[in-house]
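Chemist: Submitted below is the structure of interest, expressed as structure tokens.
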Amino acid sequence: MRKGQYTFVTGFLFIPVALYLVFVIWPYVQTFGYSLTDWKGQSQTFSFVGLDNYVALLEDDVFLGAVWHNILFLVFIPVITILLALFLAFMVNAGGGGRAGGVSGVTGSKFYKVVYFFPQVLSLAILAVLFGAVYRSDTGGMLNGLLLKLGLIEADRPIEWLNEPDFVLWALMAVVVWHGVGFYLVLFSAAMQSIPRDIYEAALIDGAGRAQSFFRITLPLLWDSVQTAWVYLGIVAMDMFVLVSTMTSGDYGGGPDHHSEVMSTVMMRNFLYFGRSGYACAMGVVMLLLTLIVSVVTLRATRRERLEF
């Protein structure tokens, strides 16, 4: 029976595993192989150069600056998104005063969930167009128009949000946070609804306030969901290609003067524009390794003993 069972399971697993090896693992292997060559992309001939591409990466100021920008995204995007999503999820699930002293969400919590989730249904291309209008460099842009109405800027001196080195990264972060908060609010809300109301009610009887209930009850019991969200947002922060390439100036984005450059835009520019495909493959391998390291470190750093209730 066991031999027959193993044969049955193996038969079902063979095709999925084979497809995974061919379409996922093999391209990674090919990319690493090309990263050791001077491949130009369109040419069928190339020479083996060893680790020269990787050595060149360490001397490439544009790529190193892009790595630093990805690190900034990696620090701020998960922290801001998770904190906002946790706060909003707590308010729509346990932030209001229920009947007879019970626990419930704020008034209109179901409506708020729909409104907060709405940005998640928009594609990144639509987001780029939408926030392109928000960040327009003249007073016709929504943000500059608002600041002008408030008297914070002059009509002849609008802020060029996507062309100012001091503002461009924060402007891009704001788009990612606005887009992602709703999804993680729903994720945390679903996990929060599995927490028995009796726990919150007992805490209220003992005199616990909203802040104490959040940090002593909600956050520890949602830690697994927070850990998952952190990994996903870390992967988003290591990419950022679509928004940077569509919202900022320059070939494949990265402007002004490489101040919004990320690893993926440098890689695509070298691959498609400069024809340095072997060098671009080396960047792709570095991106893969950094993403794996970030995921492993995040999972280990946020590991905690599971709480049961």
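The values are calculated or read from the model by the stated rules, or taken from the named source; none is laboratory data. Keep in mind the model is a prediction, meaning the values are calculated, not measured. Note: ideal-geometry Cβ built from the backbone for every residue, glycine included; neighbour counts use all protein chains shown. Note: accessible area is taken over every heavy atom of the protein model, side chains too, but ligands, DNA and RNA are not part of it. Shrake-Rupley method; radii C 1.70, N 1.55, O 1.52, S 1.80 Å.
Chemist: Find how much the distance from residue 274 to residue 107 grows on full extension, using 0.36 nm per residue of separation minus their present alpha carbon separation; answer in nm with one decimal. Numbers along the way, then the final one.
Modeler: Details: separation 167, 0.36 × 167 = 60.12 nm, distance 5.62 nm.
Gain on extension, residue 274 to residue 107, equals 54.5 nm.
Chemist: Give me the dipole magnitude in Debye, nearest 20, for the stretch 150-255 about the Cα centre, with unit charges on the beta carbon: positive for Lys and Arg, negative for Asp and Glu.
Modeler: 440
Chemist: Can you give the net charge of the other residues whose Cβ lies under 13 Å from the Cβ of residue 282, counting K and R as +1 and D and E as -1?
Modeler: Within the 13 Å Cβ shell, the charges total -3.
Chemist: Dipole size in debye (nearest 20) for the stretch 112-177 around its Cα centre, Lys and Arg Cβ +1, Asp and Glu Cβ -1? Mind showing how you got there, number by number?
Modeler: On the way: 4 positive and 6 negative charges, 76 e Å.
Rounded to the nearest 20 debye, it is 360 debye.
Chemist: Can you give me the convex hull volume of the Cα atoms of the stretch 132-219, divided per residue and expressed in Å³? Numbers along the way, then the final one.
Modeler: Working: hull volume 13.0 nm³, N = 88.
Spelled out: Cα convex hull of the stretch 132-219, divided by residues, is 148 Å³.
Chemist: Calculate the all-directions average of the projected area of the stretch 17-153's alpha-carbon convex hull, and give it in nm².
Modeler: 17.0
Chemist: Okay, moving on. Along each principal axis of its Cα atoms, how long is the stretch 240-309 end to end? Whole angstroms, biggest number first, please.
Modeler: 55, 27, 16
Chemist: OK, next. At 1.4 Å probe radius, can you tell me the per residue accessible area of the chain in Å²?
Modeler: 59
Chemist: Per the 1.4 Å probe, what fraction of the accessible area of the chain, in percent, lies on carbon and sulfur atoms?
Modeler: 66
Chemist: Per residue of the chain, what 222 nm ellipticity follows from adding -39500 (n - 2.57) for every DSSP H run with n ≥ 4, rounded to the nearest 500?
Modeler: Taking each H run of at least 4 residues, the total per residue is -19500 deg cm²/dmol.
Chemist: To the nearest µm²/s, what D does Stokes-Einstein give for the chain at 4 °C and 1.567 mPa s, using the Kirkwood radius over alpha carbon pairs as Rh?
Modeler: 57
Chemist: Helix hunt in the chain: which complete DSSP H runs extend at least 30 Å axially by C-alpha with mean Kyte-Doolittle at least 0.0?
Modeler: 61-94, 168-192, 277-301
Chemist: What does the charge count near residue 65 come to, summing +1 for each Lys or Arg and -1 for each Asp or Glu among other residues with Cβ under 12 Å from its Cβ?
Modeler: On the way: positive: none; negative: 60, 61, 257, 261.
The answer is -4.
Chemist: Let me ask another. Rank 122, 143, 108 by how far each Cα sits towards the positive end of the charge dipole of the stretch 92-235 (+1 on Lys, Arg Cβ; -1 on Asp, Glu Cβ) and give me just the farthest.
Modeler: Looking along the dipole axis, the top candidate is 108.
Chemist: Over all alpha-carbon pairs in the stretch 185-262, figure out the percentage whose distance exceeds 21 Å.
Modeler: Cα-Cα pairs in the stretch 185-262 separated by more than 21 Å: 52 percent.
Chemist: Just want the answer: with Cβ charges of +1 for Lys and Arg and -1 for Asp and Glu, which residue in 158, 15, 247 is farthest toward the dipole's positive end in the chain?
Modeler: Farthest towards the positive pole: 15.
Chemist: Which value, in debye to the nearest 20, gives the size of the charge dipole of the chain about its Cα centre, when Lys and Arg are +1 and Asp and Glu are -1 at the Cβ?
Modeler: It comes to approximately 1380 debye.
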